[in-house]
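Data first, discussion second: the structure below is written as structure tokens.
Read-outs throughout are calculated quantities, based only on the coordinates presented, and are distinct from any laboratory measurement. Keep in mind that this is a model prediction, so the values were computed, not measured. Note that we place each Cβ from the backbone using ideal geometry, even for glycine, and neighbour counts take in every protein chain shown.
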Amino acid sequence: MKRLEILHELVPNAKRIGALALPHVSYDTRPELEAAARQLDFELLFVTVHRIDDLTEGLDALQSAHADAVNVLASPSVTLTRTTIIAGLNRARLPAIYDFPELAEEGGLITYGTSLKLAAEIAARLVSKILRGSRPEDLPIEQPDRYDLVVNLKTARALGLTIPPTLLVRADKVIE
């Protein structure tokens, strides 16, 4: 994890970082996240929300566990509940990193990942090929080739954070 590295750079004194897992999250990455946490010398608090209705309890669990920051793991549920997640984490004053750059534009602190637009374009290309007669098993797997780092300075100021210059220099976009 790159997002954990970025979050650790953003909040270098963090000792407990939460990983918020919403429905439909792939748990294949959990061992990698735990290994990255050990390497970066912080405790990883894995909070799993099994139903969207339990999101408030998940956010409360992160705050009760005294998380210093949060990595919101990629899930289709994130796009559906992004307003609630962003507002809840910002209200709790928890610095958080998200996967979709669009979330920084909606008030998220920092994002690193592929845009929803690019993911939709890849999916549309594949569907188009299938509709024109290609067999799904014959199509190559397509991976996004661009990952954007987006920083929202307005949110940083509201949280009382100073973004390290090293992150600002690397950012693909900085929202004032």
Peptides 153-163, 60-70: what's the order by average Cβ count within 10 Å, highest mean first? 60-70, 153-163
For helix 55-64, report the angle its Cα long axis makes with the longest principal axis of the Cα atoms of the chain; keep it between 0 and 90° and round to the nearest 10°. 30 degrees
Lys, Arg +1 and Asp, Glu -1 on Cβ, resulting dipole of the range 1-119 about Cα centre, debye, nearest 20: 80 debye
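Per residue of the chain, what 222 nm ellipticity follows from adding -39500 (n - 2.57) for every DSSP H run with n ≥ 4, rounded to the nearest 500?
Values: 8 runs with 79 residues, N = 176.
Result for the chain, helices only: -13000 deg cm²/dmol.
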Given (i) 1.00; (ii) 1.23; (iii) 0.98 as candidate values of Rg/Rh (Cα atoms, Kirkwood Rh), which corresponds to the one derived from the coordinates? (i)
Would you count, across the chain, every pair of lysines whose alpha carbons are under 26 angstrom apart, provided the pair is eight or more residues apart or spans two chains? 9
Taking the range 1-108, which trypsin sites (Lys or Arg not before Pro) meet the DSSP loop condition and have no more than 14 other C-beta atoms within 10 Å? LYS15, ARG51, ARG93
For the range 120-138 versus the range 29-58, the gap between their alpha-carbon centres in whole angstrom: 34 Å
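What shape does the range 117-176 have by the C-alpha gyration tensor, where a ≥ b ≥ c are the square roots of the eigenvalues, rounded means a/c under 1.5, and otherwise prolate means a/b greater than b/c and oblate the rest?
Working: a/c = 5.34, a/b = 3.49, b/c = 1.53.
Prolate is the answer for the range 117-176, as a/c is 1.5 or above and a/b outweighs b/c.
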Antiparallel %, DSSP beta bridges [both residues in the chain], to 5: 20 percent
Packing-based order for 145-152, 131-138, using average beta carbon neighbours within 10 Å, highest first: 145-152, 131-138
